[in-house]
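The values are calculated or read from the model by the stated rules, or taken from the named source; none is laboratory data. All of these numbers come straight from a predicted model, not from anything done at the bench. Here Cβ is always computed from backbone atoms with ideal geometry, including for glycine, and neighbour counts include all displayed protein chains. Just the protein is used for accessible areas: all its heavy atoms, side chains included, with ligands, DNA and RNA removed. Shrake-Rupley method; radii C 1.70, N 1.55, O 1.52, S 1.80 Å.
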Amino acid sequence: MSGRSISILTGPGLLVVVVTMLIGFMLICSTVKMFAERTPEPTNPFTAFSDIFPRQSSAAAIARGFTCHQVEANTHYAIHKHCTKYLTTGTFSQIALLISSGDTIDSTTFMIRDDRLKVGDMGLWLGVIFDQYLGHGVSVQGQETFRLNLSRARPVSPFRIVHSVIFTDHILEIVCRGGVC
C-alpha cells in the first residue's frame, strides 16, 4: 500500500497535485486581493457648483452662462430672477436658480440625469445619517446644518434614484423618481 502512495507522487500524478495546488493558491490570492481593494467613493458632483449655492452672488451664474429672466413682481416670494442652464454631460441635466432682488441666490435646483444619483450617495457627501422611520426630516451635519425634506410615504432607502435636489437656505429637499423616496 505504501509503495502505491509513493508512485502517485511521481510522474503525471505529481503534475496533477502541483497544478491543483497552484490553482488553489491563485484563487486564494485573487480572493484576498478582491477583499483588500476598497471600492472608491464616488466623487461629489455638487462641489463643482459651490459658487452657485444659496447665499452666493448671482454674478457666478452670469459667468457660468445661465439664462436669466425677470419674475413677476406680484409673487409672494422676494424673487427677482429665475436662471437656468441645460447641461449636456455629467450628473446634472439642468440647474435652476432663484435670485433675490439683492442679487443673491436663494435656491439652487439640480435635475439629475439618467439614474446617476441615489439617496445613499447624498448621505455620503453631506454626512446624512438617515433615520428610516423619521416622518419628514433628517438632520444633515456638515459645514452647515440643513433640514432634509424627503417626499415619501415609507422608510428611506439609500438605493432610491434621485430625480432632483433643491438647496435653499438651511433646507435640502430630495425628490426621488416617482416622487417617493
- line: In the stretch 13-47, residues that are at pLDDT below 80, under 28 Å from Leu124 (Cβ atoms) and surrounded by 10 or more Cβ atoms within 10 Å (Cβ to Cβ) total 2
query: Which condition number does Arg113 fail, the rest of (1) open to solvent by less than 80 Å² (accessible area, probe 1.4 Å); (2) among the charged types (D, E, K, R); (3) under 15 Å from Phe167 (Cβ atoms) being met?
result: (3)
field: Test result for Tyr133, modelled with pLDDT of 85 or more and open to solvent by 60 Å² or more (accessible area, probe 1.4 Å)
entry: no
message: If the requirement is being under 16 Å from Thr168 (Cα atoms), of a type in the set (Asp, Glu) and either loosely packed, with under 13 Cβ neighbours inside 10 Å or touching a Leu at 6+ places or on another chain (Cβ under 9 Å) (or both), which of these qualifies: Asp51, Asp106?
response: Asp106
task: Tell me which residues, restricted to the stretch 65-80, are modelled with pLDDT under 90 and open to solvent by less than 40 Å² (accessible area, probe 1.4 Å).
output: Ile79
